[in-house]
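Working notes, structure below.
The values are calculated or read from the model by the stated rules, or taken from the named source; none is laboratory data. The structure displayed is predicted, hence computed values, not measured ones. All Cβ positions, even for glycine, are placed from backbone atoms using ideal geometry, and neighbour counts span all protein chains on display.
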Amino acid sequence: MKKNLFITFEGAECAGKSTHIGMLEDYFRNKKIKYILTREPGGTEIGEEIRNIVKHHAGRNPVSDEAELLLFAASRAQHMRELILPALAEGTNVICDRFTDSTVAYQGYARGLDLKFIDLLNRFATIGRSPDLTVILDLTPEESQARIRERNKKEKVHDRIESEHVSFHVKVRNAFLEIAKHEPGRVKIISSARNIEEVHNDIIKAVENAIEKLPS
């Protein structure tokens with residue numbers, strides 16, 4: 001590899017991010033490519049504490065939309081400075097499960113918060129560092145909800161965001177498609193409603209293309 005990549009995975013709930021991130025890890029290991037895997041919110045001790053709030057808070061008083069946005073930004077700011085930027089600086093590839101595009105999609109388009117402010121907040125939290133490649137695993141909201149119901153038969157986990165009405169998830173999907181339309185060089189939409197190997201092959205092609213675009 002000529003230079004390290006910062007790769008993020010986005011998409012609908014239960015679109016297969018964990019599965020395909022794991023398969024990309026196998027690819028990197030087989031190629032002896034140095035990498036770290038992390039996630040948002042989370043990735044650091046502080047970030048994981050914030051994750052517990054934004055994902056699973058079930059108290060009498062709900063997390064407000066504005067507080068949710070700022071909690072994600074706080075986790076991201078710590079994440080960038082403590083883990084992601086140092087890893088990239090030492091030549092390690094970074095794979096991150098969700099990043100700034102999720103904030104735009106969920107808190108911006110779906111929650112209806114100010115997109116210009118979100119852009120400013122994201123740039124502040126990341127010190128302006130964008131991913132080199134973002135893979136959006138696309139799945140219809142109906143298929144996403146069906147997969148969530150099937151998973152929840154086995155795992156009884158309360159997730160605030162997954163539990164939102166299907167109309168919320170329609171907005172999220174449309175947001176991801178809009179993001180990809182505006183940044184086709186960075187963002188690749190890959191349908192995950194297919195055979196796992198087909199999806200994986202498309203992801204590897206996207207990664208290899210991103211590698212080719214990096215300066216020597």
### Qualifying positions in the stretch 97-142 - in contact with a helix residue (DSSP H, G or I) (Cβ under 7 Å, 6 or more places away or on another chain), over 19 Å from Val199 (Cβ atoms) and either part of a strand (DSSP E or B) or of a type in the set (D, E, K, R) (or both)
Arg111, Arg129, Asp132
### Task
Pull up the stretch 94-111, narrow it to residues that are under 14 Å from Ala175 (Cα atoms) and of a type in the set (Val, Ile, Thr), then point me to the one that is surrounded by the most Cβ atoms within 10 Å (Cβ to Cβ).
Thr100
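Look at the stretch 52-64 and say how many of its residues are surrounded by 13 or more Cβ atoms within 10 Å (Cβ to Cβ) and assigned to a helix (DSSP H, G or I). Lay out the reasoning, then the answer.
Filtering the stretch 52-64 for residues surrounded by 13 or more Cβ atoms within 10 Å (Cβ to Cβ) gives 53-55, 57, 63.
Checking which are assigned to a helix (DSSP H, G or I) leaves us with 53-55.
Residues in the stretch 52-64 being surrounded by 13 or more Cβ atoms within 10 Å (Cβ to Cβ) and assigned to a helix (DSSP H, G or I): 3 in total.
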### Message
Is it the case, given these coordinates, that Gly91 is small (Gly, Ala, Ser), in contact (Cβ under 8 Å) with a residue 12 or more places away in the chain and surrounded by 20 or more Cβ atoms within 10 Å (Cβ to Cβ)?
### Response
no
### Message
Among the residues in the stretch 116-125, are any of a type in the set (D, E, K, R), over 19 Å from Lys181 (Cα atoms) and under 19 Å from the mean Cα position of the chain (by Cα)?
### Response
yes
### Summary
The number of residues in the stretch 43-86 that are within 15 Å of Ile7 (Cα to Cα), among the aliphatic types (A, V, I, L, M) and free of Cβ contacts under 8 Å to residues at least 60 places away in the same chain is 3
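Going through the stretch 148-199 one residue at a time, which ones are basic (Lys, Arg) and either closer than 21 Å to Glu40 by Cβ or modelled with pLDDT of 95 or more (or both)? Please lay out each step first, then the result.
Looking only at the stretch 148-199, we keep the residues that are basic (Lys, Arg), and these are 149, 151, 153-154, 156, 160, 171, 173, 181, 186, 188, 194.
Across the stretch 148-199, the qualifying residues are Arg151, Arg160, Lys171, Arg173, Lys181, Arg186, Lys188.
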### Query
Which condition number does Ala58 fail, the rest of (1) over 14 Å from the mean Cα position of the chain (by Cα); (2) modelled with pLDDT of 95 or more being met?
(2)
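I need the full set of residues from the stretch 23-47 which are in contact with a strand residue (DSSP E or B) (Cβ under 9 Å, 6 or more places away or on another chain), of a type outside the set (Val, Ile, Thr), surrounded by 12 or more Cβ atoms within 10 Å (Cβ to Cβ) and outside any loop (DSSP other than H, G, I, E, B), in order please. If you could, list the steps in order and put the result at the bottom.
Initially, the stretch 23-47 is screened for residues in contact with a strand residue (DSSP E or B) (Cβ under 9 Å, 6 or more places away or on another chain), giving 24-25, 28-29, 33-40, 42-44, 47.
Okay, now just the ones that are also of a type outside the set (Val, Ile, Thr), so 24-25, 28-29, 34-35, 37, 39-40, 42-43, 47.
Then keep just the ones that are surrounded by 12 or more Cβ atoms within 10 Å (Cβ to Cβ); that gives 24-25, 28, 34-35, 37, 39-40, 42-43, 47.
The answer is Leu24, Glu25, Phe28, Tyr35, Leu37, Arg39, Gly47.
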### Task
Find the residue count for the stretch 180-193, including only residues that are more than 17 Å from the chain's Cα centre (by Cα) and surrounded by 12 or more Cβ atoms within 10 Å (Cβ to Cβ).
1
### Task
May I ask you to list pairs of residues, at least six apart or on different chains, whose Cβ atoms are under 8 Å apart, with the first in the stretch 27-42 being at pLDDT 95 or above and the second being small (Gly, Ala, Ser) and buried (at least 19 other Cβ atoms within 10 Å of the Cβ)?
Glu40/Gly47; Glu40/Ser75; Glu40/Ser102; Pro41/Gly47; Pro41/Ser75; Gly42/Ser75
